[in-house]
Amino acid sequence: MIPLTLTAVIADLDNLPAAPAVMTQLLEYIGRDDADGRTIARMIAQDPVLSAKCLNLANSSVYGLRQRVTTTQDALSVVGQGAIATMVQAMAIASRVRGLQTQDVDLGSFWMHSIFTALCARALAKHTRLAPDAAFLAGLLHDIGKLVLASRFTGHFALVLARQRSDDSRMVDAERAVLGFTHAEIGAAVADAWKFAPEVARAVAGHHEPEAHPASTLTSLVHVANALAHVLDVVQDENALVPRLSEFSLGRLCLDWPDIKAVLVEVEAQQSEAALLLG
């Protein structure tokens, strides 16, 4: 088999599934300085799926409304423009994930772990004064490189899996031994290609080795969020290894164990929001 390089993987990113046009257009408009809430609501209302997701989010237990919201304009007022943008970005990522077919990674389990890592990251952000939206997106994208490798380079991914089993090692260690680079590096390239903020790409790149990125608080946050999502065991994979939890990251984030427990309790209570993104 021809050796695979990170350069070759990055060159192949143009072949990944595209996001639906309506989501791309909406995100481009939301990013404008002159974006208007009424226009955003009208754009959302034109797409039945987006409209339903927006209404379900506003009426979820996250916001605890006493009376149900029935229009996209009211939902936007309740949820806020930033939260809507994050939801649309998550849906765009989800649509691309579903387009990546592979026999070696269960897409349902992959997406569930990604969502709960994102929820843990957002909850942790509240304890660290980081932007919750950036934390959520970095958590959502943290393992995307693994799926790209599994779906686009199946033979090489099979070699990585075989090495992981034979060594009983972490995925990143098997990747580095077989390929010379990791899914985290691929994920950073994907985040960059999909035009996410540079800080999100950095966090994805370093989430398994936060000590190598001491200046990036978001990297430490995603590292901890990934570990907590494994602790929650939403995927219930008996073969999955819970990543080591870096003491450096806990110190970088100024987190103690009561904080960690509070985050776990908060995320466990967000099943309804997770279901919105899983559907």
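Here are a few things to note about the model shown:
- Of all the listed residues (60, 51), the sole one being part of a loop (DSSP other than H, G, I, E, B), farther than 30 Å from residue 158 by Cβ and polar (S, T, N, Q) is 60.
- Lone unmet requirement of (1) among the polar types (S, T, N, Q); (2) open to solvent by 50 Å² or more (accessible area, probe 1.4 Å); (3) in a helix (DSSP H, G or I) for residue 103: (3)
- Residue satisfying condition, being farther than 16 Å from residue 86 by Cβ and touching a Ser or Thr at 6+ places or on another chain (Cβ under 8 Å), within set 3, 20, 48: 20
- Exactly one residue out of 229, 188 is in contact (Cβ under 8 Å) with a residue 60 or more places away in the chain, buried (at least 24 other Cβ atoms within 10 Å of the Cβ) and assigned to a helix (DSSP H, G or I), and it is 229.
- In region 160-175, the condition of being assigned to a loop (DSSP other than H, G, I, E, B), over 18 Å from residue 7 (Cα atoms), open to solvent by less than 10 Å² (accessible area, probe 1.4 Å) and touching a helix residue (DSSP H, G or I) at 6+ places or on another chain (Cβ under 7 Å) is met by no residue.
- Every test in (1) in a loop (DSSP other than H, G, I, E, B); (2) modelled with pLDDT under 90 is passed by residue 4 save one, and that test is (2).
- Every residue from region 162-184 that is closer than 17 Å to residue 208 by Cβ and of a type in the set (A, V, I, L, M): 171, 172, 174, 177, 178, 179, 184
- Total residues in region 1-48, condition among the β-branched types (Val, Ile, Thr), touching a helix residue (DSSP H, G or I) at 6+ places or on another chain (Cβ under 8 Å) and under 30 Å from residue 156 (Cα atoms): 2
- Within region 243-261, the residues that satisfy the criterion of being closer than 15 Å to residue 227 by Cα and in contact (Cβ under 8 Å) with a residue 60 or more places away in the chain are 243, 253, 255, 259.
- Top-ranked residue of region 121-141 - restricted to ones that are aliphatic (A, V, I, L, M) and either modelled with pLDDT under 90 or outside any helix (DSSP H, G or I) (or both), ranked as surrounded by the fewest Cβ atoms within 10 Å (Cβ to Cβ): 131
- Residue 195 falls short on exactly one of the conditions (1) of a type outside the set (A, V, I, L, M); (2) assigned to a helix (DSSP H, G or I); (3) open to solvent by 10 Å² or more (accessible area, probe 1.4 Å), and that condition is (2).
- Of note, residue 74 satisfies the criterion of being more than 27 Å from residue 197 (Cα to Cα) and of a type in the set (D, E, K, R).
- Pairs are defined by a Cβ separation below 6 Å, a sequence spacing of at least 6 or placement on different chains, a first member in region 162-185 that is closer than 15 Å to residue 206 by Cβ, and a second member that is open to solvent by 20 Å² or more (accessible area, probe 1.4 Å) and outside any helix (DSSP H, G or I); the pairs so defined are 172/208; 184/208.
The values are calculated or read from the model by the stated rules, or taken from the named source; none is laboratory data. A quick note: this is a predicted structure, and the numbers were derived from the prediction, not measured. Here the Cβ is made from the backbone with ideal geometry for all residues, glycine too, and neighbour counts use every protein chain on show. Ligands, DNA and RNA are excluded from the accessible area calculation, which covers all protein heavy atoms including side chains. Shrake-Rupley method; radii C 1.70, N 1.55, O 1.52, S 1.80 Å.
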